[in-house]
Amino acid sequence: MIENTNSELASEPLALSRAIRFCHWLSVLAVFYLLISSWWMLSLPLPSENSTFRVLPFQLHKNVGITLFLLLLAMLGSFILRWIKENARTDPLQQLTAKIGHGSMYLVLLFCCLTGYLSSSFSGWGTELWWLLNLPQWAQESDELNAFFSDLHLWSCWLLILLIAVHIGAALHHSFNSDGVTDSMLRSSNKD
Amino acid sequence: MLSILFGVLFFASNSNELLKQGVLTTDAFAALQAEADCRADELEEEGISLRECELMLVQVEIALESSPDWFRSVQQILSASGIAAALLSIGLALNLSANSGSSSRFSLRILVWVLGGLVVLDSVMFIAALQTGPLLRAQYLWPLLLWFFIHLSLALGARTISKNINDKLSYPAGKF
């Protein structure tokens, strides 16, 4: 009887709350939008007094990026708790790879958002959050720092694409194997 | 899972298309008086050559010159429909994975229709892109053809699964 209960518990996915799953899928949409739109917007004519092509795409990019950063912070606590619970449930190798994969993804995502914001702060262009709130200009315009953070932003985003590919590959692998791992992001927890 | 993955990619692709159609306007182009503003410091910051900077404006000109007058508004409607359909397909696929029983069968039936709708939408987008000039057709047609076959495969796959489930429910194993 006890054995049965333990094996059922081991195979049962650690379901996440509805709010966390919603945040996860919202951040997925945001990340893919940011990636695809950024490749296109950098091909637009350079900004000047008369050239306004980049204004809307860049403002939107910054707004979605800042919102994504806040979403990630909100999700971080929940994932740390989940990792602690996972220790008792899954095999050590899976634990380790999941922790490295998720941890690096979170770090790179946060780093990517942060460097983008810093680059923008030193660019001299203001940020109006969703056209409602003017964020304070706390930094002086600096071409060197703008270029430095812009490079960091660019390279961390290339690294992010690599991590996303690994993450999606792992999700598809578990999904095709029907081993219940991806269910935590799809199924409701008992608390829902 | 595949439906969610392609739904996310289609959402991102159509969001960018909607943004593109909102930004690339004849008014914005006219304000530039067909002259690219390529300052040396900006070129260095972007890591591009003067010629590349000039061609960025040419790219906008291509988009405006190659499209008929109606193309921008039609593309806006089609890409907004694409965003809505992509979000719906993601929601239905998530519901399908999260629930079982009659609720999931209902989601699957709706998902088949939504994916079928996306096949139709891809076809309409393809026909609309056919009316543009060769420079824009080169940009649009191949991705649209790819999306058409992705959605067609997903729609037929979902339909087959739905049909198999219905058959099993109508004729349970061992009954006859």
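Of the residues examined, B:GLU54 is not one that is of a type outside the set (Lys, Arg) and either within 21 Å of B:ARG137 (Cβ to Cβ) or within 7 Å of chain A (Cβ to nearest Cβ) (or both). One residue stands out among those in segment B:84-138 that are on the phi < 0 side of the Ramachandran plot and part of a loop (DSSP other than H, G, I, E, B): the one that is modelled with the lowest pLDDT, which is B:SER100.
Taking the numbered list (1) of a type outside the set (Gly, Ala, Ser); (2) in contact with a helix residue (DSSP H, G or I) (Cβ under 6 Å, 6 or more places away or on another chain); (3) within 11 Å of chain A (Cβ to nearest Cβ) in turn, B:LEU115 passes all entries but (3).
The condition (being more than 10 Å from every other protein chain (Cβ to nearest Cβ), crowded, with 17+ Cβ neighbours inside 10 Å and farther than 18 Å from A:PRO45 by Cα) is satisfied by just one residue among B:SER79, B:SER13, B:SER73: B:SER79. Listed by first and then second residue, the pairs with beta-carbon distance under 6 Å, at least 6 apart or on different chains, first residue in segment A:15-38 and more than 10 Å from chain B (Cβ to nearest Cβ), second of a type in the set (Ser, Thr, Tyr), are A:LEU16/A:SER184; A:SER17/A:SER189; A:ILE20/A:SER78. Among the residues examined, B:LEU32 does not qualify as at the interface with chain A (Cβ under 7 Å from one of its Cβ atoms) and under 18 Å from the mean Cα position of the chain (by Cα). Flag set for B:VAL60, criterion: more than 30 Å from A:LEU26 (Cβ to Cβ), within 12 Å of chain A (Cβ to nearest Cβ), in contact with a helix residue (DSSP H, G or I) (Cβ under 9 Å, 6 or more places away or on another chain) and surrounded by 20 or more Cβ atoms within 10 Å (Cβ to Cβ). For segment A:39-81, name all the residues that are more than 7 Å from chain B (Cβ to nearest Cβ), farther than 22 Å from A:LEU118 by Cβ and either modelled with pLDDT of 90 or more or surrounded by fewer than 14 Cβ atoms within 10 Å (Cβ to Cβ) (or both). Hits for segment A:39-81 are A:GLU49, A:GLY77, A:ILE80, A:LEU81.
Checked against (1) away from chain B (no Cβ under 14 Å); (2) among the polar types (S, T, N, Q); (3) part of a helix (DSSP H, G or I), A:SER175 passes all but a single condition, namely (1).
The values are calculated or read from the model by the stated rules, or taken from the named source; none is laboratory data. Keep in mind the model is a prediction, meaning the values are calculated, not measured. Every residue, glycine as well, gets a Cβ built from its backbone with ideal geometry; the counts of neighbours run over all protein chains shown.
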